[in-house]
Amino acid sequence: MPLDRWIGALKERNFRFFFIGQTASQVGTGMAPVAIVFAVLAHGTATDIGYVLAAGTTPLVILLLVGGVVGDRVSRRKLMLQSDALRTLAECTLGLWVLLGRPPLWGFMTLSALMGIGQAFFNPALTAIVPQMLSPERLQQGNALNGISASSGGMIGPAIAGVIVAVSSPGWAILIDGMTYLVSVVSLACIRIDWNAAEVSASFVTLLRQGWKEFWSRSWLWAIVLQSSLVNALFASFLVLGPVVAKQSLGGAPAWGAILAAEGAGAVVGGIVMLRVHPRRPLLVATLSSLVFPLPLFFLAGRAPTILVTIAGFLAGGFITVFSVQWSTTLQREIPSDVLSRVSAYDWFGSLILLPIGMALAGPLATTIGITTTLVGSGGLMILLILAVLAVPSVTRLRASTPE
């Protein structure tokens, strides 16, 4: 049936439960960047925002490789369920603390770190569990639906959080975020997937080395991960300085929520396109798509009206989803299933390792050379790094191994 060509993956029971839980938690995740940063800004500075964001990202980076090994040794479903239970506890605690008092900077950082720990074990298992729920011909469709799920959360969550922060306390938005993770916990509990830990007797170091061998043997893989590491560090300036520009020039939390919501809306459109478009050279398309990522930085730097920044965010969000769908599908097709969590962990680790540094330095750097210079410089360097990857033959020549 024609509808199967678009959402046929949802006919699979396990994937349907998974999709419901992820959609709910992604709405909450979309609320966090607005709610938490404006809770910090109520009594803090841009530097404080950077420290809080870095506190959440640092344990994520440190523990990703551990999460990858664990994801290949135990049930991925149970691991993801436990990770979301931890994030539920951390988010709800922070939300209640903001509502009942005034958390110190260390309180924000500690609870952000707990959320980062949960994400470190969740992300590698997420990449590897999708092929367990879907047939190969529905793999890209499932990844596209996951992208739409995340994008819908990125569109709805910030808009809701912006309104809540404007009329009430950011604590309510953070508390709701925590409750959405509980929906994911219940959904994961309903999934039934057989698990055989074939390598459970191997040592941690052996498993880590095997994952590294698979990772390093593919030049397209480590080249894009290296580029992503530097690009993400530069993109941190948008995450840290964007709320400051919004507060100073664009009207505060509602404007920042609208910008992030527009990015989510664009990502939804990108996901819908990826339901039906199957490029023969997926990594070439993914890399060219990423050239749009720096666009919002330039508009923020120029203090453009909110509507123009939201349009830039919409375009960036759409092409971010194009990149992520092609990247995830390529990993799942090219990497053997029994090492996929570990290779995904190296991917996440490499891509995020410099992000905490970028977050911590964005505020002080802006204080020294100015917000405008920091945003323009970051955007320009991002473009140069993305173009450099096109010089790697395996990136531009790799073809989809399974015709759709």
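Every read-out reported here was derived from the displayed coordinates using simple, explicitly stated rules and does not represent laboratory data. Given the structure is predicted, the values throughout are model-derived calculations rather than measurements. Cβ atoms come from the backbone with ideal geometry, glycine included; neighbour counts cover every protein chain shown.
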Quick one: dipole size for region 119-254, taken about the Cα centre, charges +1 on Lys/Arg Cβ and -1 on Asp/Glu Cβ, in debye to the nearest 20. 180 debye
Run the dipole for region 205-315 about the Cα centre, Lys and Arg Cβ at +1, Asp and Glu Cβ at -1, nothing else charged, and hand back the magnitude in debye, nearest 20. 300 debye
Going toward the positive end of the dipole of region 117-240, with +1 on Lys and Arg Cβ and -1 on Asp and Glu Cβ, which of S135, I191, L145 do you reach last? S135
Please label the shape of region 300-359 as rounded, prolate or oblate, based on the square roots a ≥ b ≥ c of the eigenvalues of the alpha-carbon gyration tensor (a/c under 1.5 means rounded; beyond that, a/b larger than b/c means prolate, else oblate). oblate
So for region 1-82, using the alpha carbon gyration tensor with a ≥ b ≥ c as root eigenvalues (a/c under 1.5 gives rounded; past that, a/b versus b/c decides prolate or oblate), I'd call it oblate
The answer for the chain, counting only DSSP H helices whose Cα atoms cover 27 angstrom or more along the axis and whose Kyte-Doolittle average is 1.6 or greater, is 46-71, 219-245, 371-389
In the Gaussian network model of the chain, springs joining C-alpha atoms below 10 Å, which of G380, G56, G270 carries the largest mean-square fluctuation? G380
Taking the Cα centre of the chain as origin and charging only Cβ (+1 Lys, Arg; -1 Asp, Glu), how large is the dipole, in debye to the nearest 20? 500 debye
Selection from F323, F38, L283 lying farthest towards where the dipole of the chain points positive, charges on Cβ: L283
Mean ellipticity per residue at 222 nm, deg cm²/dmol - from DSSP H runs of n ≥ 4 across the chain, formula -39500 (n - 2.57): -27500 deg cm²/dmol
Only one of the listed values, (1) 1.08; (2) 0.99; (3) 0.95, was derived from the coordinates as Rg/Rh (Cα atoms, Kirkwood Rh); which label is it? (3)
Return the lysines within reach of K213: Cα separation strictly under 29 angstrom, same-chain partners fewer than 8 residues apart disregarded; answer none if there are no such residues. K78
Got a sec? Charge dipole of the chain, +1 on Cβ for Lys and Arg, -1 for Asp and Glu; which of I383, I62, I174 is way out at the positive end? I383
